[in-house]
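I have placed the structure first, in the form of structure tokens, so that the comments after it can refer back to it.
The values are calculated or read from the model by the stated rules, or taken from the named source; none is laboratory data. Keep in mind it's a predicted model, so treat the numbers as computed, not measured. In this analysis, Cβ positions are derived from the backbone assuming ideal geometry, glycine residues included, and neighbour counts consider all displayed protein chains. For accessibility, only protein heavy atoms count, side chains too; no ligands or nucleic acids. Shrake-Rupley method; radii C 1.70, N 1.55, O 1.52, S 1.80 Å.
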Amino acid sequence: MSASRVPELKQISRGEAMRLGPGWSHSCHAMLYAANPGQLFGRIPLRFSVLVLGLVRVPLYTQKDRVGGFPNFLSNAFISTAKHQLLFALKVLNMMPEDKLAEALAAATEKQKKALEQQQTASS
């Protein structure tokens, strides 16, 4: 997968999922979202609040530095494989334009590369 491309996943019905048979595991995820008129730090409009599995608030904004907010969230290690599910859901639900998703993913990847390079430089 290229850094600037949102992964392609296929949405299937419950019936199709149940017919997959042995060797496949099923999981159920809930994503709740609502309009949010609030502002982060009293100046950044939030537009939406997203709760993934009721535990994590996903910032659906990008700060002026083009790294803070959503790209920074995507670069966190704790998001792990849920990152692809989140990107897919945001795309399918049309909560964020695909070009903005790709832009945020590219910025997150670049941030991770820089952090890794700094870590390698510090350890040598």
Would a scan of region 91-106 turn up a residue that is over 10 Å from the mean Cα position of the chain (by Cα) and on the phi > 0 side of the Ramachandran plot?
yes
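SER80 - would you say it is under 30 Å from ILE12 (Cβ atoms), open to solvent by less than 50 Å² (accessible area, probe 1.4 Å) and at pLDDT below 90?
Values: under 30 Å from ILE12 (Cβ atoms): yes; open to solvent by less than 50 Å² (accessible area, probe 1.4 Å): no; at pLDDT below 90: yes.
Spelling it out, it is not the case that SER80 is under 30 Å from ILE12 (Cβ atoms), open to solvent by less than 50 Å² (accessible area, probe 1.4 Å) and at pLDDT below 90.
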Over region 83-99, the set of residues part of a helix (DSSP H, G or I) and surrounded by 15 or more Cβ atoms within 10 Å (Cβ to Cβ) is LYS83, HIS84, GLN85, LEU86, LEU87, PHE88, ALA89, LEU90, LYS91
